[in-house]
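Participant: Following this message is one structure expressed as structure tokens.
The values are calculated or read from the model by the stated rules, or taken from the named source; none is laboratory data. Note that the structure is a prediction, hence the values are computed from the model and not measured. Ideal geometry is used to build each Cβ from the backbone, glycine not excepted, and the neighbour counts take in all protein chains shown. For accessibility, only protein heavy atoms count, side chains too; no ligands or nucleic acids. Shrake-Rupley method; radii C 1.70, N 1.55, O 1.52, S 1.80 Å.
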Amino acid sequence: MSTRQELAAVLGDQLPPEWRAAFDEVPRELFVPDVGWVVEDNGADSIPVNRAVAESDWLAGVYSDAAFVTQHEGGRATSSSSKPSMVFAMLGHCDLRHGQSFLEIGTGTGWNAGLVARRIGDGNTTSIEIDAPVAARARENLRRAGRSPLVVTGDGEQGYKPNAPYDRVEATCSVRSVPRAWVEQTRPGGLIVAPWETASAGLLLKLSVDGSRTAAGRFVGTAGFMTLRSQDRVIGGEPDDFDELATVGSTDLDAPEVVSGHARTAVGLLIPDMRMTMDINDDTGYLEQLWFLAPDAWAAVDPYDGTVRQAGTRRLWDEVVSAHAWWAEAGEPEYTRFGVAVDTVTGGQWTFLDDPARTVPV
Ligand SMILES: C[S@@+](CC[C@H](N)C(=O)[O-])C[C@H]1O[C@@H](n2cnc3c(N)ncnc32)[C@H](O)[C@@H]1O
């Protein structure tokens, strides 16, 4: 695939008619650099492309429904142009109208800001980027595309007060808690759309700010994004001294079931600082060990005989068992029944099931 029209065909209904003019007039190829990495469907691998070496591969990457990583630091992607279907899904949740005011957190290449500016007006669009060279390139990309939204260099966790209040705040990097400034800078009746991240789940949060004391909203999709820099932290690696430190027990709970599907998302929401991983034998392809890793504790579960090893300041597997029991007792709800509520006075926030009054025991 190599043209905008072909990508539009692939996106189909995922490119809503109200975004078609912006998609055509703010071409992604003006925003994506000549050298980068096209992320594969599995989300983990990426293919390097270089326009000078193979222009057709580069163009195919630009016009495929894939994220295009533009920058790596320390082995991790630190900036990208998000996957087009995700870009339009998030813009759809933003429910934008011409004349509304919009703040984007995470300018990246500037493509999303350019699309929004085409739709609601340059003067109504503000985007903030923490990485100064990335912000400078985005300004240049936008200029080449004939767009001029305000691109601010700064920490988007603080929002951008001079242009507040906003009708819509959209983050294109993920958060573990909603920054208070975003809520304060959203006009009553406004929306905040942001990828929400726990150590083991990536969801999309749509929060309504209605002027009352509680701003609240549910998860409306899944989303894997790089994290807002100030909230980014890597959670625990697998320990080497595994046998000496651990207390050994056993479990009846089916551990592989806990790390998959809706159970995984729910347990991830209930224990947000815990990462779940698995060891798979390279030769046999068999699952060997399931890991539950938090900053201050870990647990390892043998998926065949249910042997549990736990170490650290918390009994992490016991927490998993309680979280899973709570979820099962609640009728095994899917992630779309969960949401986040923010107390607009104190900034305190909590996860809920169905209604902000039904707090999830995190
Ligand atoms: C997935 S990229 C954004 C994609 C972008 N919307 C586009 O259309 O190309 C995420 C961006 O968020 C930026 N970022 C991370 N933390 C930030 C923060 N605290 N404030 C502003 N930008 C931040 C990163 O530098 C990165 O460029």
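Participant: I need a count of the residues in the stretch 332-352 that are closer than 23 Å to Asp254 by Cβ and either of a type in the set (D, E, K, R) or open to solvent by 50 Å² or more (accessible area, probe 1.4 Å) (or both). Spell out how you get there, then give the answer.
Facilitator: Looking only at the stretch 332-352, we keep the residues that are closer than 23 Å to Asp254 by Cβ, and these are 332-335, 337-338.
From what's left, either of a type in the set (D, E, K, R) or open to solvent by 50 Å² or more (accessible area, probe 1.4 Å) (or both): 332, 334, 337.
Number of matching residues: 3.
Participant: Identify, by number, the condition in (1) more than 9 Å from the ligand (Cβ to nearest atom); (2) touching a Ser or Thr at 6+ places or on another chain (Cβ under 9 Å); (3) of a type in the set (A, V, I, L, M, F, W, C) that Ala135 doesn't meet.
Facilitator: With respect to (1) more than 9 Å from the ligand (Cβ to nearest atom); (2) touching a Ser or Thr at 6+ places or on another chain (Cβ under 9 Å); (3) of a type in the set (A, V, I, L, M, F, W, C), Ala135 is out only on (1).
Participant: Counting just the residues of the stretch 52-80 that are assigned to a helix (DSSP H, G or I) and open to solvent by less than 40 Å² (accessible area, probe 1.4 Å), which one comes out nearest to the ligand (Cβ to nearest atom)?
Facilitator: Val62
Participant: Right, next: From the list Asp355, Asp296, Asp302, Asp318, which residue is under 30 Å from Lys206 (Cβ atoms) and open to solvent by 10 Å² or more (accessible area, probe 1.4 Å)?
Facilitator: Result: Asp355 is the single residue among Asp355, Asp296, Asp302, Asp318 that is under 30 Å from Lys206 (Cβ atoms) and open to solvent by 10 Å² or more (accessible area, probe 1.4 Å).
Participant: Ok, one more. Tell me, please, whether a residue that is aromatic (Phe, Trp, Tyr) and modelled with pLDDT of 95 or more can be found in the stretch 296-315.
Facilitator: The answer is no; no qualifying residue exists.
Participant: Of the residues in the stretch 230-259, how many are open to solvent by 60 Å² or more (accessible area, probe 1.4 Å), within 24 Å of the chain's Cα centre (by Cα) and at pLDDT 90 or above?
Facilitator: 1
Residues checked against (1) out of contact with any helix residue (DSSP H, G or I) (no Cβ under 7 Å at 6 or more places or on another chain); (2) farther than 21 Å from Asp318 by Cα; (3) away from the ligand (no atom under 16 Å from the Cβ):
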{"position": "Phe219", "(1), (2), (3)": "no, yes, yes"}
{"position": "Gly224", "(1), (2), (3)": "yes, yes, no"}
{"position": "Arg233", "(1), (2), (3)": "yes, yes, no"}
{"position": "Asp252", "(1), (2), (3)": "yes, no, yes"}
{"position": "Met276", "(1), (2), (3)": "no, no, yes"}
{"position": "Asp279", "(1), (2), (3)": "yes, no, yes"}
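Participant: I'd like the full set of residues that are more than 10 Å from the ligand (Cβ to nearest atom) and either more than 14 Å from Val169 (Cβ to Cβ) or polar (S, T, N, Q) (or both), limited to the stretch 104-131.
Facilitator: Scanning the stretch 104-131 gives Ala117, Arg118, Arg119, Gly121, Asp122, Gly123, Asn124, Thr125, Thr126.
Participant: Let me ask another. In the stretch 114-189, which strands (runs of 3 or more DSSP E) lie fully inside it and hold 1 or more residues that are within 18 Å of Met90 (Cα to Cα) and free of Cβ contacts under 8 Å to residues at least 60 places away in the same chain? Before you say what the answer is, go through the steps one by one.
Facilitator: Working: elements: 125-129, 150-153, 166-171.
In the stretch 114-189, the matching strands (runs of 3 or more DSSP E) lie at 125-129.
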